[in-house]
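> This is the structure I have questions about; it appears just below.
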Amino acid sequence: MSADQYLSALRSIEQLYEAVVDDPHRWNEQAFVDWAADTLGEANELPRDAQRQIRRSLRAAQRLQAFWASDPSTVSDHDDWQSKVDIALGARAWRPLLDLARVGLETAPSEELFDQVKETFSLVNSDRWMDGVSFADWSELN
């Protein structure tokens with residue numbers, strides 16, 4: 001397992017979230033099935049916990065889609081897809097990404113995954129993680 005596999009899954013989830021909040025009517029059951037098949041297929045070498053986080057993010061995306069599809073007039077009121085995610089689900093939507101990044105950091109440490117944990121931690125917890133600590137410093141401690 002490489003850090004790139006985790007980063008690819010994280011990017012795929014972010015792209016899914018962006019797509020479902022920006023164009024919720026394009027997403028139906030088959031679109032979600034196709035996304036899951038592609039993403040989980042690419043992540044088949046990742047540990048079970050990582051795959052569970054990908055499935056959790058899929059369920060969050062389905063809730064995001066339902067929220068934004070229910071009131072189409074609201075969709076155009078917000079330009080930033082991340083704000084749309086926060087409005088609909090808040091920290092619950094970001095939790096699977098944080099947990100996936102943490103699993104990746106434990107199994108395949110990299111500076112990119114370290115940065116991803118730092119960034120997503122603040123979205124979930126409204127606090128900073130390892131503020132002022134570099135990946136090199138963190139690596140020495142672990």
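> Can you tell me which residue within region 64-90, out of those that are in contact with a Leu (Cβ under 7 Å, 6 or more places away or on another chain) and under 19 Å from A9 (Cα atoms), is modelled with the lowest pLDDT? Can you show your working first?
Step one: list which residues in region 64-90 are in contact with a Leu (Cβ under 7 Å, 6 or more places away or on another chain), which gives 64, 85, 88-89.
If we keep only those that are under 19 Å from A9 (Cα atoms) as well, we get 64, 85.
Numbers: L64: 95, V85: 92.
Checked region 64-90; the qualifying residue modelled with the lowest pLDDT is V85.
> Looking only at region 109-140, which residues are open to solvent by less than 80 Å² (accessible area, probe 1.4 Å), small (G, A, S) and either modelled with pLDDT under 90 or on the phi > 0 side of the Ramachandran plot (or both)?
S122, G132, S134, A136, S139
Quick grid of which residues meet (1) part of a loop (DSSP other than H, G, I, E, B); (2) buried (at least 20 other Cβ atoms within 10 Å of the Cβ); (3) at pLDDT 95 or above; (4) aliphatic (A, V, I, L, M):
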{"position": "D34", "(1), (2), (3), (4)": "no, no, yes, no"}
{"position": "E45", "(1), (2), (3), (4)": "yes, no, no, no"}
{"position": "I54", "(1), (2), (3), (4)": "no, yes, yes, yes"}
{"position": "Q62", "(1), (2), (3), (4)": "no, no, yes, no"}
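> Pull up region 3-32, narrow it to residues that are farther than 20 Å from R63 by Cβ and in contact with a helix residue (DSSP H, G or I) (Cβ under 9 Å, 6 or more places away or on another chain), then point me to the one that is least open to solvent (accessible area, probe 1.4 Å).
Looking only at region 3-32, we keep the residues that are farther than 20 Å from R63 by Cβ, and these are 3-8, 11.
Restricting the remaining residues to those that are in contact with a helix residue (DSSP H, G or I) (Cβ under 9 Å, 6 or more places away or on another chain) gives 3-8.
On the way: A3: 18, D4: 108, Q5: 44, Y6: 0, L7: 19, S8: 42 Å².
By that ranking, first place goes to Y6.
> Taking region 11-32, which residues are in contact with a Leu (Cβ under 7 Å, 6 or more places away or on another chain) and at pLDDT 95 or above?
Pass one, region 11-32, residues in contact with a Leu (Cβ under 7 Å, 6 or more places away or on another chain): 13, 17, 20-21, 32.
Residues satisfying the conditions are I13, Y17, V20, F32.
> What's the total number of residues in region 89-108 that are loosely packed, with under 15 Cβ neighbours inside 10 Å and either out of contact with any helix residue (DSSP H, G or I) (no Cβ under 6 Å at 6 or more places or on another chain) or closer than 17 Å to D4 by Cα (or both)?
Selection size over region 89-108: 3.
> Could you grab me the full set of residues in region 85-142 that are assigned to a loop (DSSP other than H, G, I, E, B) and among the aliphatic types (A, V, I, L, M)? Talk me through it step by step, then tell me what you get.
Start the filter on region 85-142 by keeping residues that are assigned to a loop (DSSP other than H, G, I, E, B), which leaves 89-90, 108-110, 126-134, 142.
Scanning region 85-142 gives L89, A108, M130, V133.
The values are calculated or read from the model by the stated rules, or taken from the named source; none is laboratory data. None of the values given here were measured: they were computed from a predicted structure. Glycine gets a Cβ as well: all are built from the backbone with ideal geometry, and neighbour counts include every protein chain shown. Note: areas computed on protein heavy atoms with side chains; ligands, DNA, RNA excluded. Shrake-Rupley method; radii C 1.70, N 1.55, O 1.52, S 1.80 Å.
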